[in-house]
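Just below is one structure, and these are the notes that go with it.
The values are calculated or read from the model by the stated rules, or taken from the named source; none is laboratory data. None of the values given here were measured: they were computed from a predicted structure. Ideal geometry is used to build each Cβ from the backbone, glycine not excepted, and the neighbour counts take in all protein chains shown.
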């Protein structure tokens, strides 16, 4: 019951803090619900933690990709590049407005990239932090 | 004081203008075709082929002119019968100076042998060339009729005949100079001016001229027939390629990290292996949902290299057993790209051996035509 309340509160928070609700906000709201379900002490996403996630060298995943920056370049605002040399549009929302608007796409790439870089899937908290950081960029 | 007018040696028009033009155009075209064939990079294949078709036209003309040209151009005037050959050789052995007989104003019997030989070998080269073009490259009038292995065998014959042709050309030139010495006339000049000096004390009637009308009609007929056959041939779809259904999931999911590879570039077994291990795809997680993985896998297996008879599919079917999923590790790929400087693959815009599209303009279609190859200039790293 307490959880459900929290989810409700999170959703309400999203609804009030974001003037225009959209697919991205829906994705964040769902992640919030998931995060609070994973950890009762969840108290919102943090762009700072997102930044750390983005730029940390994990070295726990595949050796070719120690960090998110291996492909997304060191600044979210810059063009990135896959290992095969294909350009990646900037991951920052200000530069690429379509970012984090397709739930399936977001899910697919978090699954793949977190496994490649960290060696495990990301938690809802990490995903929410990451998106929050990118929305501020 | 003006020099006294010497009575000029009487000359005879031996080579008519069409024969001379034929000869010298052929010299130029054969030189170009050989040069391009032996030395030019693959992407000049089209130029080589166009010259080849021009030579087909030239040979057709020569065949017609061999029947309707003026006397010395007609095949019947220089058939190298054993009798003539014997007489010619005994003439040489007895150190007689040529010409010994009237027919030697035209081609002597050895020269005639060479003329027939050159026309035959050149004809065979163009035919094997068209078979190669159709079978291996899947282009031209035979693209719909010749399979890859036949084309590949024709290519070997085409190459062998080209070497034979080079030897014949050397012999032909040597023969011309030897005979010029022996007969104390420049055969080269005669092929330019058309005239040969008449041997002293012998008279020749003016040889009968060409049957221009008959020549024109037969040439138009033969040319028209060749044109129609060519036209009909190129309408037939190339046999190396099959109709491939489009698949949106394959197109989008397999082009996120690199260009979309054509399914014909790897054998079925390689695709099966690849789709079973997307969690570790060349050191990266490229996993997809189970349904999508299955659907793309089925699609790739269906259109794997075994289903095609194109050059790329045939060549790339043999993979490196150590790296069966990497096209650019296959023996054919490595051999064919060995000449390209390492630097090109390391810098933009190529950036890696897997970026086929950077050099092969038609990579997406799986054709990999020679004429679509161009290695881009390495550009300095762009600022990020």
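Checking the structure you have, find out if any residue of region B:64-84 is surrounded by fewer than 19 Cβ atoms within 10 Å (Cβ to Cβ) and within 21 Å of the chain's Cα centre (by Cα). No; the residues of region B:64-84 include none that is surrounded by fewer than 19 Cβ atoms within 10 Å (Cβ to Cβ) and within 21 Å of the chain's Cα centre (by Cα). The condition of being within 24 Å of residue A:85 (Cα to Cα) and assigned by TED's automatic domain parsing to the domain that holds residue B:365 holds for only one of B:316, B:294, that being B:316.
The rows are residues; the columns are (1) surrounded by fewer than 13 Cβ atoms within 10 Å (Cβ to Cβ); (2) in contact (Cβ under 8 Å) with a residue 24 or more places away in the chain.
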residue: B:138; (1), (2): no, yes
residue: B:146; (1), (2): no, yes
residue: B:151; (1), (2): no, no
residue: B:162; (1), (2): no, yes
residue: B:168; (1), (2): no, yes
residue: B:174; (1), (2): yes, no
residue: B:179; (1), (2): no, yes
residue: B:193; (1), (2): no, no
residue: B:198; (1), (2): no, yes
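Criterion applied to B:363, B:358, B:338, B:304 was being over 18 Å from residue B:254 (Cα atoms) and not assigned by TED's automatic domain parsing to the domain that holds residue B:149, and the one residue passing it is B:338.
Is it true that residue A:50 is in contact with a helix residue (DSSP H, G or I) (Cβ under 7 Å, 6 or more places away or on another chain), surrounded by 19 or more Cβ atoms within 10 Å (Cβ to Cβ) and either at the interface with chain B (Cβ under 8 Å from one of its Cβ atoms) or closer than 15 Å to residue B:283 by Cα (or both)? It is false that residue A:50 is in contact with a helix residue (DSSP H, G or I) (Cβ under 7 Å, 6 or more places away or on another chain), surrounded by 19 or more Cβ atoms within 10 Å (Cβ to Cβ) and either at the interface with chain B (Cβ under 8 Å from one of its Cβ atoms) or closer than 15 Å to residue B:283 by Cα (or both). Can you find even one residue in region A:72-83 that is assigned to a helix (DSSP H, G or I) and either crowded, with 18+ Cβ neighbours inside 10 Å or touching a residue at least 40 places away in the same chain (Cβ under 8 Å) (or both)? For region A:72-83, residues assigned to a helix (DSSP H, G or I) and either crowded, with 18+ Cβ neighbours inside 10 Å or touching a residue at least 40 places away in the same chain (Cβ under 8 Å) (or both): present. The lone criterion from (1) assigned to a helix (DSSP H, G or I); (2) at pLDDT 95 or above left unmet by residue B:146 is number (1). Within region B:335-351, being in a loop (DSSP other than H, G, I, E, B) and either without any contact (Cβ under 8 Å) to a residue 12 or more places away in the chain or more than 10 Å from every other protein chain (Cβ to nearest Cβ) (or both) holds for B:337, B:338, B:339, B:340, B:341, B:347, B:351.
One residue alone among B:35, B:52, B:106, B:57 is surrounded by 19 or more Cβ atoms within 10 Å (Cβ to Cβ), under 30 Å from residue B:362 (Cβ atoms) and assigned by TED's automatic domain parsing to the domain that holds residue B:141, and that residue is B:52. Picking from residues in region B:216-262 that are loosely packed, with under 12 Cβ neighbours inside 10 Å and assigned to a loop (DSSP other than H, G, I, E, B), the one that is farthest from the other protein chains (Cβ to nearest Cβ) is B:243. Inside region B:352-364, residues that are buried (at least 20 other Cβ atoms within 10 Å of the Cβ) and assigned to a loop (DSSP other than H, G, I, E, B) make up a count of 3. Checking the stated criteria, residue B:268 turns out not to satisfy the condition of being within 14 Å of chain A (Cβ to nearest Cβ) and either modelled with pLDDT under 95 or more than 22 Å from residue B:150 (Cα to Cα) (or both).
Residues checked against (1) within 14 Å of another protein chain (Cβ to nearest Cβ); (2) on the phi < 0 side of the Ramachandran plot; (3) touching a strand residue (DSSP E or B) at 6+ places or on another chain (Cβ under 9 Å); (4) modelled with pLDDT of 95 or more:
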residue: A:12; (1), (2), (3), (4): no, yes, no, no
residue: A:15; (1), (2), (3), (4): no, yes, no, no
residue: A:21; (1), (2), (3), (4): no, yes, no, no
residue: A:38; (1), (2), (3), (4): no, yes, no, no
residue: A:56; (1), (2), (3), (4): no, yes, no, no
residue: A:72; (1), (2), (3), (4): yes, yes, yes, yes
residue: A:81; (1), (2), (3), (4): yes, yes, yes, no
residue: A:87; (1), (2), (3), (4): yes, yes, yes, no
residue: A:94; (1), (2), (3), (4): no, yes, no, no
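For region B:325-333, the condition holds for at least one residue, the condition being that it is outside any loop (DSSP other than H, G, I, E, B), within 14 Å of chain A (Cβ to nearest Cβ) and either on the phi < 0 side of the Ramachandran plot or touching a helix residue (DSSP H, G or I) at 6+ places or on another chain (Cβ under 8 Å) (or both). Taken over region B:278-316, residues that are away from every other protein chain (no Cβ under 14 Å) and part of a loop (DSSP other than H, G, I, E, B) amount to 5. Please indicate, with yes or no, whether at least one residue in region A:118-128 is within 12 Å of chain B (Cβ to nearest Cβ) and more than 22 Å from residue A:60 (Cβ to Cβ). Within region A:118-128 (the criterion being within 12 Å of chain B (Cβ to nearest Cβ) and more than 22 Å from residue A:60 (Cβ to Cβ)), the answer is no, since none of the residues qualifies.
If you go through region B:365-374 and keep only what is closer than 17 Å to residue B:340 by Cβ and either in a helix (DSSP H, G or I) or modelled with pLDDT under 90 (or both), you end up with B:370, B:372. Yes or no: residue A:64 in a loop (DSSP other than H, G, I, E, B) and within 11 Å of chain B (Cβ to nearest Cβ)? Here the answer is yes, as residue A:64 does meet what is asked.
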